[in-house]
Amino acid sequence: GQQLNQSPQSMFIQEGEDVSMNCTSSSIFNTWLWYKQDPGEGPVLLIALYKAGELTSNGRLTAQFGITRKDSFLNISASIPSDVGIYFCAGYPGGSQGNLIFGKGTKLSVKP
Amino acid sequence: DGGITQSPKYLFRKEGQNVTLSCEQNLNHDAMYWYRQDPGQGLRLIYYSQIVNDFQKGDIAEGYSVSREKKESFPLTVTSAQKNPTAFYLCASSRGPPNEQFFGPGTRLTVL
C-alpha cells in the first residue's frame, strides 16, 4: 500500500532552536495534515494543507505542501519545552476518496 | 463544546473476554474511524464508517467488530479472537475524505 516516509524519526532540541521535519511519498497526495501527539493523548491537528505550493502558519509552526504534491514540510521556529512530543504527517492520496495515510512520526525531545 | 469523547481512558481485561470501547462525537461529522497505536508506531486503521448503518474494514480488522447505529456513536468491540489486544486505541471523526480528521483522547487497553 501507499506509504509516507517521515524524517527524522527523532530529534533533540534546545530551547530557542528552529526545527524542521518532512514527509515524502512516491505518489501524489491531495491533502497534507500535520498532527502533534502528547504522551497518552490523542493527536491534535496543527495545520491542514490543500493546494500544491501552499504555505500555512499556525503561530511558530509553518507547513508547506510541496509543489510536486509528493512531499510536505513542517518547521517550528524558536522551540520551547512544550514543543516536545510526536509529530505525525498524514495525507489523502490523489485520485481517490481513500483513507488517510499516516507517517510513523517524528519524536521531539529536549537535549539533556 | 464540540468534540470527541472516548471512554474509559484506561481499561483492563482478562484474556478471553470481549470488551467494548466507546466513542461519541458532537461535531455532526458523517465519518468516524478507529485506529490502533502501538509503542513507537504510527496509526493503523481498524474500521471506518462514512455513514450511519454502514462500515468498512481497515487494514487490521481481524478480531475487532463495530456498529454505527447513530451518527454520533461508533463503538469498537475487541473480541477474544484478537491475538494481541494490548494497545492504545484512538477514535476520530471527519466530514469525510479529503477533510481533516479530529481525534479523541484515546483508550489504553491492557490485557492481563
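Rule-based calculations on the coordinates, nothing more; no lab input. Note that the structure is predicted; figures quoted are calculated from it, not measured. Cβ atoms come from the backbone with ideal geometry, glycine included; neighbour counts cover every protein chain shown.
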Restricting attention to segment B:47-63, and to residues there that are in a loop (DSSP other than H, G, I, E, B) and in contact (Cβ under 8 Å) with a residue 24 or more places away in the chain, which single residue is nearest to B:GLN82 (Cα to Cα)? B:ILE60
Can you tell which of A:LEU45, A:LEU74, A:LEU33, A:LEU108 is surrounded by fewer than 20 Cβ atoms within 10 Å (Cβ to Cβ) and assigned to a strand (DSSP E or B)? A:LEU45
When you scan segment B:1-19, how many residues do you find that are within 23 Å of A:PRO39 (Cα to Cα) and part of a strand (DSSP E or B)? 8
Filtering segment B:46-61 down to residues that are of a type in the set (S, T, N, Q) and within 13 Å of chain A (Cβ to nearest Cβ), which residue is surrounded by the fewest Cβ atoms within 10 Å (Cβ to Cβ)? B:GLN56
In segment B:62-110, residue nearest to the other protein chains (Cβ to nearest Cβ) [restricted to those that are aliphatic (A, V, I, L, M) and in contact with a Phe, Trp or Tyr (Cβ under 8 Å, 6 or more places away or on another chain)]: B:LEU90
How about segment A:48-71: which of its residues are in a loop (DSSP other than H, G, I, E, B) and within 13 Å of chain B (Cβ to nearest Cβ)? A:TYR50, A:LYS51, A:ARG69
Look at segment B:20-46 and say how many of its residues are in a strand (DSSP E or B) and either under 18 Å from B:ASP59 (Cβ atoms) or of a type in the set (A, V, I, L, M) (or both). 12
Could you check, for segment B:27-36, whether at least one of its residues is buried (at least 19 other Cβ atoms within 10 Å of the Cβ), without any contact (Cβ under 8 Å) to a residue 40 or more places away in the chain and within 14 Å of another protein chain (Cβ to nearest Cβ)? no
In segment B:71-98, the residues that are more than 17 Å from B:PHE55 (Cα to Cα) and free of Cβ contacts under 8 Å to residues at least 60 places away in the same chain: B:ALA81, B:GLN82, B:LYS83, B:ASN84, B:THR86, B:ALA87, B:PHE88, B:PRO98
